[in-house]
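Peer 1: Below you'll find the structure I mean.
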Amino acid sequence: MSVEITGPRILFEIPILGGIRITETIFNGWIVILLVSFLAWFLTRNMVTKNPGKRQLAAEKIYSMLMNLVEGVMGKKWTGFAPYIGALFAYSMFGSLLSLTGLRSVTGDLSTTGAMAILTTIMVIATNIRTNGVFGWLKSYTQPVALITPINIISEIANPVSMAFRHFGNIAAGIVITSLMYAALAAASNLILGWIPVEFIANIPILQVGLPAVLSIYFDLFTGFLQAYIICMLTMVNVSGAGE
Amino acid sequence: MDTTLAKAIVMAGSAIGAGLAMIAGIGPGIGQGYAAGKAAEAVGRQPEAKGDITSTMLFGCAVAESTGIYGLVVAMILLFVNPFVGQI
């Protein structure tokens with residue numbers, strides 16, 4: 001009986017530029033990208049102005065929900081960010097929900113969430129420079145007194161780190177706990193059925209039916225959705241805060 | 001010293017460290033419980049604002065969780081990556 005918990009496996013290696021490693025994360029990430037692109041194409045084709053079909057109603061509903069969220073949090077001035085927020089939300093949510101299909105979650109890898117957090121930081125700095133100018137951006141580190149500049153710089157670095165760790169930690173904890181649970185249930189059902197001399201029957205993990213589904217509702221559906229919401233919310237709050 | 005013994009000691013230390021790191025779970029537990037209690041009070045006082053209260057509480061909980069998540073990440077790195085074994 002052994003439990004094996006690893007990071008994303010390396011699937012294969014492209015032998016150019018000293019070997020580019022294609023991990024499960026990259027592979028599944030492209031699955032998510034294709035899925036989201038296909039959904040976007042599928043929902044928005046053949047759009048009409050009168051008597052819209054079910055597909056168009058769904059697309060309009062998603063669009064108005066996204067616009068309401070962005071307008072409510074960032075204000076009317078920043079609705080230009082809505083496409084990015086929508087893409088971030090869709091990628092993060094589908095990336096977490098991918099574990100329902102048995103593939104590894106894309107967001108259960110620090111590289112993915114780290115990339116999201118770095119993108120957010122770049123947008124925050126860009127918005128700050130666009131609003132206040134380069135000098136104003138540099139000056140914002142010395143507020144309220146020049147003495148606490150190091151603390152401001154540390155908090156500027158700590159922000160994306162905490163964002164990346166929060167999303168990664170939640171999803172990775174789900175992966176670890178789910179695999180521990182599966183191993184424990186296999187051991188327990190082996191204990192129950194172990195007295196049967198036929199090896200095939202004794203190895204049926206009978207307790208794995210049902211109980212993991214309850215865990216999956218929390219760790220896959222609830223956490224995946226909540227973390228996507230949180231990362232979008234933090235991005236919106238930080239970006240609109242930088243543009244004031 | 002024997003390398004195997006040294007490795008065993010380092011791995012034991014990593015396991016104990018992971019357990020100690022998870023003590024960080026106390027803080028977010030108390031904080032989230034407090035937030036949930038306050039949210040329950042707010043819903044009791046103003047039931048029509050339930051949706052807003054719930055989303056605000058979930059957002060606050062998820063942000064308050066980060067210190068616990070740091071502890072979890074440290075514990076997972078100690079358990080599954082074994083960064084100190086390579087230094088023997």
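The values are calculated or read from the model by the stated rules, or taken from the named source; none is laboratory data. Predicted model, so just to flag it, every value in this text is computed and none were measured. Neighbour counts are summed over all protein chains in view; Cβ atoms, including those assigned to glycine, are modelled from backbone coordinates with ideal geometry. Note: accessible area is taken over every heavy atom of the protein model, side chains too, but ligands, DNA and RNA are not part of it. Shrake-Rupley method; radii C 1.70, N 1.55, O 1.52, S 1.80 Å.
Peer 1: Looking at (1) assigned to a loop (DSSP other than H, G, I, E, B); (2) under 28 Å from A:Pro160 (Cβ atoms); (3) more than 17 Å from the chain's Cα centre (by Cα), which one does A:Glu4 not meet, given that it meets all the others?
Peer 2: Checking A:Glu4 against (1) assigned to a loop (DSSP other than H, G, I, E, B); (2) under 28 Å from A:Pro160 (Cβ atoms); (3) more than 17 Å from the chain's Cα centre (by Cα), the one that fails is (2).
Peer 1: Got at least one residue in segment B:28-51 being within 14 Å of chain A (Cβ to nearest Cβ), of a type outside the set (A, V, I, L, M, F, W, C) and more than 28 Å from A:Ala164 (Cβ to Cβ)?
Peer 2: Within segment B:28-51, one or more residues are within 14 Å of chain A (Cβ to nearest Cβ), of a type outside the set (A, V, I, L, M, F, W, C) and more than 28 Å from A:Ala164 (Cβ to Cβ).
Peer 1: Additional query: Scan A:Gly174, A:Gly210 and give me the residue that is among the small types (Gly, Ala, Ser) and modelled with pLDDT of 85 or more.
Peer 2: Checking each option against the conditions leaves just A:Gly174.
Peer 1: Still on this structure, I have one more. Given the conditions (1) over 27 Å from B:Phe80 (Cβ atoms); (2) open to solvent by less than 50 Å² (accessible area, probe 1.4 Å), and given that A:Pro150 satisfies all but one, which numbered condition is not satisfied?
Peer 2: Result: A:Pro150 fails condition (2) only.
Peer 1: I've got another one for you. Return the pair list, or none, for Cβ contacts closer than 8 Å from residues in segment A:163-175 that are more than 7 Å from chain B (Cβ to nearest Cβ) and farther than 13 Å from A:Ala228 by Cβ to residues that are assigned to a helix (DSSP H, G or I) and among the charged types (D, E, K, R), at least 6 apart or on different chains.
Peer 2: Between residues of segment A:163-175 that are more than 7 Å from chain B (Cβ to nearest Cβ) and farther than 13 Å from A:Ala228 by Cβ and residues that are assigned to a helix (DSSP H, G or I) and among the charged types (D, E, K, R), the close pairs are A:Gly174/A:Asp220.
Peer 1: In segment A:217-244, how many residues are away from every other protein chain (no Cβ under 12 Å) and either of a type in the set (D, E, K, R) or open to solvent by less than 30 Å² (accessible area, probe 1.4 Å) (or both)?
Peer 2: Total meeting the criteria: 8.
Peer 1: Does A:Asn128 qualify as being open to solvent by 50 Å² or more (accessible area, probe 1.4 Å), more than 30 Å from A:Phe219 (Cα to Cα) and in a helix (DSSP H, G or I)?
Peer 2: No: the conditions fail for A:Asn128.
Peer 1: Just to verify a result, which residue in segment A:1-25, among those that are more than 14 Å from chain B (Cβ to nearest Cβ) and in contact (Cβ under 8 Å) with a residue 12 or more places away in the chain, is surrounded by the most Cβ atoms within 10 Å (Cβ to Cβ)?
Peer 2: Among those that are more than 14 Å from chain B (Cβ to nearest Cβ) and in contact (Cβ under 8 Å) with a residue 12 or more places away in the chain, it is A:Thr25.
Peer 1: A further question on this structure: Among (1) open to solvent by 60 Å² or more (accessible area, probe 1.4 Å); (2) under 22 Å from A:Thr113 (Cβ atoms); (3) not aliphatic (A, V, I, L, M), there is one condition B:Thr56 misses while meeting the rest; what is its number?
Peer 2: The single condition B:Thr56 does not satisfy is (2).
Peer 1: Of the residues B:Thr54, B:Thr4, which is in a helix (DSSP H, G or I), hydroxyl-bearing (Ser, Thr, Tyr) and more than 27 Å from A:Gly72 (Cα to Cα)?
Peer 2: When all the criteria are applied, what remains is B:Thr4.
Peer 1: Out of curiosity, is A:Arg21 closer than 24 Å to A:His167 by Cα and of a type in the set (Lys, Arg)?
Peer 2: yes
Peer 1: Count, please, the residues in segment A:194-215 that happen to be open to solvent by 30 Å² or more (accessible area, probe 1.4 Å) and in a helix (DSSP H, G or I).
Peer 2: Qualifying residue count, segment A:194-215: 10.
Peer 1: Checking A:Met116 against (1) closer than 30 Å to A:Ser216 by Cα; (2) in contact with a helix residue (DSSP H, G or I) (Cβ under 7 Å, 6 or more places away or on another chain); (3) open to solvent by 50 Å² or more (accessible area, probe 1.4 Å), which single condition isn't satisfied?
Peer 2: Result: A:Met116 passes all but (3).
Peer 1: Another one. Filter segment A:179-193 for residues that are within 14 Å of chain B (Cβ to nearest Cβ) and open to solvent by 40 Å² or more (accessible area, probe 1.4 Å) and give the result.
Peer 2: Hit for segment A:179-193 is A:Leu180, nothing else.
Peer 1: State which residue pairs qualify: first residue in contact (Cβ under 8 Å) with a residue 60 or more places away in the chain and inside segment A:129-156, second residue open to solvent by 80 Å² or more (accessible area, probe 1.4 Å) in any location, beta carbons under 9 Å apart, and separation of 6 or more residues or different chains.
Peer 2: A:Thr131/A:Glu244
Peer 1: Looking only at residues that are of a type outside the set (Val, Ile, Thr) and away from chain A (no Cβ under 11 Å) in segment B:59-88, which one is least open to solvent (accessible area, probe 1.4 Å)?
Peer 2: By that ranking, first place goes to B:Leu78.
Peer 1: Right, something else. Among (1) within 14 Å of chain B (Cβ to nearest Cβ); (2) more than 25 Å from A:Val239 (Cβ to Cβ); (3) part of a helix (DSSP H, G or I), where does A:Gly108 come up short?
Peer 2: Only one criterion is unmet by A:Gly108, namely (3).
Conditions tested, residue by residue: (1) within 14 Å of chain B (Cβ to nearest Cβ); (2) in contact with a Cys (Cβ under 8 Å, 6 or more places away or on another chain).
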{"residue": "A:Leu88", "(1), (2)": "no, yes"}
{"residue": "A:Gly95", "(1), (2)": "no, no"}
{"residue": "A:Ala117", "(1), (2)": "yes, no"}
{"residue": "A:Val124", "(1), (2)": "no, no"}
{"residue": "A:Tyr141", "(1), (2)": "no, no"}
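Peer 1: Okay, next question. How many residues are without any contact (Cβ under 8 Å) to a residue 12 or more places away in the chain and part of a helix (DSSP H, G or I) if we restrict to segment A:40-74?
Peer 2: Of the residues in that region, 12 qualify.
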